[in-house]
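Notes follow the structure.
Bear in mind these aren't lab numbers, they're just calculated from the coordinates by the rules spelled out. Just so we're clear, the structure is a prediction, and the values are computed from it rather than from any experiment. With ideal geometry, Cβ positions are generated from the backbone for all residues, glycine too; neighbour counts draw on all protein chains shown.
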Amino acid sequence: MLDEVHTAIAAGADVILLDNMTLEQMRQAVAVIREEGPRVLIEASGDIGTDVERLAAVAATGVDFISLGALTHSAPNFNISLEFA
């Protein structure tokens with residue numbers, strides 16, 4: 001996992017996505033990115049859920065952005081149509 005972070009930094013990535021990582025893995029990746037890379041934006045995604053405590057813990061790792069798929073996966077649908085006469 002950290003090998004991929006090193007590779008992304010070496011390739012000059014502007015943004016690095018940390019996907020489906022544990023909190024500890026995120027902390028380690030953020031530390032490496034902040035230490036080695038120029039200012040690289042970091043996004044966390046995958047298995048974030050909507051639990052406020054989990055969300056706060058992910059934010060505390062130091063990532064810049066958090067993507068929540070649960071917001072769209074669990075959204076109810078609403079069937080509407082547009083008809084012209």
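What the table below lists for this structure:
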| read-out | value |
| --- | --- |
| Condition met for ILE80 (without any contact (Cβ under 8 Å) to a residue 40 or more places away in the chain and touching a strand residue (DSSP E or B) at 6+ places or on another chain (Cβ under 7 Å)) | no |
| Search result, residues across segment 34-85 that are loosely packed, with under 10 Cβ neighbours inside 10 Å and within 23 Å of HIS6 (Cβ to Cβ) | GLU35, PRO38, ARG39 |
| Failed item, numbered, when THR72 is tested on (1) assigned to a helix (DSSP H, G or I); (2) within 25 Å of VAL32 (Cβ to Cβ) | (2) |
| Selection within segment 4-54 - closer than 21 Å to GLY69 by Cα, of a type in the set (D, E, K, R) and assigned to a loop (DSSP other than H, G, I, E, B) | ASP47, ASP51 |
| Residue list for segment 1-33, restricted to those being exposed (fewer than 14 other Cβ atoms within 10 Å of the Cβ), over 12 Å from the mean Cα position of the chain (by Cα) and of a type in the set (A, V, I, L, M, F, W, C) | MET1, LEU2, ALA10, ALA11 |
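Quick grid of which residues meet (1) more than 30 Å from ALA75 (Cα to Cα); (2) in contact with a strand residue (DSSP E or B) (Cβ under 7 Å, 6 or more places away or on another chain); (3) touching a residue at least 60 places away in the same chain (Cβ under 8 Å):
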residue	(1), (2), (3)
VAL15	no, yes, no
ASN20	no, no, no
LEU23	no, no, no
ILE33	yes, yes, no
ASP47	no, no, no
ALA59	no, yes, no
ASP64	no, yes, no
